[in-house]
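S.K.: Let me begin by handing over the structure; questions about it come next.
Please treat every number below as a calculation from the coordinates, not as lab data. Since the structure is predicted, the reported quantities are computational estimates derived from the model, not experimental observations. Ideal geometry is used to build each Cβ from the backbone, glycine not excepted, and the neighbour counts take in all protein chains shown.
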Amino acid sequence: MNKDDKRRHEILGLRFEEPQKDKQGYDIRPIENVTLQQLQTLKEEDFLDLEECQNDSPSVGAIIDFIEEHPNFKAHGYIVTPVRSDYRVGLEGVICSSPLTMQDIVDCTKTFRYADGLDVDEEGAWVWYD
């Protein structure tokens, strides 16, 4: 797993700050609207464990596959600092703020049917796993 936290922040468009000597820095940082391109770069540069799951969610790899088939969707989740033993990029779900086709709605509902939060209609989608 790639531990270059500065590069990971760069890929995700997050501002990176070196931890201060008297502070531990961040523990977990939320990530939103993660595009397919960002996910592919994270994958290519070994920042993702494709088997990782957020509780009952599909795996990171399955979420990427879904977004590849439905490029109007984006991912959301969090990053864990490399100081922790569970360093990772975790994906908690997907979001789409543009109109959805009936096929998008069916595929999203089928793929993410066990989500803790599932709001899907013609206007868009929000899926979240706790």
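S.K.: I want the local charge near residue 77. Using Cβ-Cβ distances under 13 Å, sum +1 for each Lys or Arg and -1 for each Asp or Glu among the other residues.
M.R.: -1
S.K.: Also, quick follow-up: When the chain is modelled as a GNM with alpha-carbon springs shorter than 10 Å, which of 33, 72, 55 fluctuates the most?
M.R.: Result for the chain, Cα springs under 10 Å: 55 fluctuates most.
S.K.: What's the local net charge at residue 65, with K and R +1, D and E -1, over the other residues with C-beta under 12 Å away? Numbers along the way, then the final one.
M.R.: On the way: positive: 43; negative: 68, 69, 107.
Taking every Cβ under 12 Å from that of residue 65, the sum is -2.
S.K.: Give me the percent relative contact order of the range 5-128, please, defined on Cα pairs under 8 angstrom at least 6 residues apart.
M.R.: 21 percent
S.K.: In debye, nearest 20, what is the charge dipole magnitude of the chain about its Cα centre with +1 on Lys and Arg Cβ and -1 on Asp and Glu Cβ, if you could check?
M.R.: 520 debye
S.K.: Please give the per residue volume of the convex hull enclosing the alpha carbon atoms of the range 1-93, rounded to a whole number of Å³.
M.R.: With only Cα atoms used, the range 1-93 gives 89 Å³ per residue.
S.K.: Here is a follow-up. For a test of understanding, tell me how many lysine pairs in the range 5-128 have Cα atoms under 21 Å apart, given they are 8 or more places apart or on different chains.
M.R.: Eligible lysine pairs with Cα atoms under 21 Å apart amount to 5.
S.K.: What net charge is computed for the residues neighbouring residue 47, neighbours being all others with C-beta under 13 Å from the C-beta of residue 47, Lys and Arg scored +1, Asp and Glu -1? The partial results should precede the final answer.
M.R.: Numbers: positive: 3, 6, 7, 8, 43, 88; negative: 4, 5, 10, 44, 45, 46, 49, 52.
Local net charge: -2.
S.K.: Here is a follow-up. Using θ = phi - 60° and the Karplus curve 6.51 cos²θ - 1.76 cosθ + 1.60, what whole-Hz ³J(HN,Hα) does each residue of the range 85-93 get, with Gly and Pro shown as x?
M.R.: Per-residue couplings from phi come out as 6, 9, 3, 5, 10, x, 9, 9, x Hz.
S.K.: Take the chain, connect every pair of alpha-carbon atoms lying under 10 Å apart with a spring to form a Gaussian network, then pick out the residue of 38, 54, 103 with the largest mean-square fluctuation.
M.R.: Its mean-square fluctuation being the largest, the pick is 103.
S.K.: Between residue 9 and residue 102, what is the label-point separation in nm under the 7 Å Cα-to-beta-carbon projection?
M.R.: 4.8 nm
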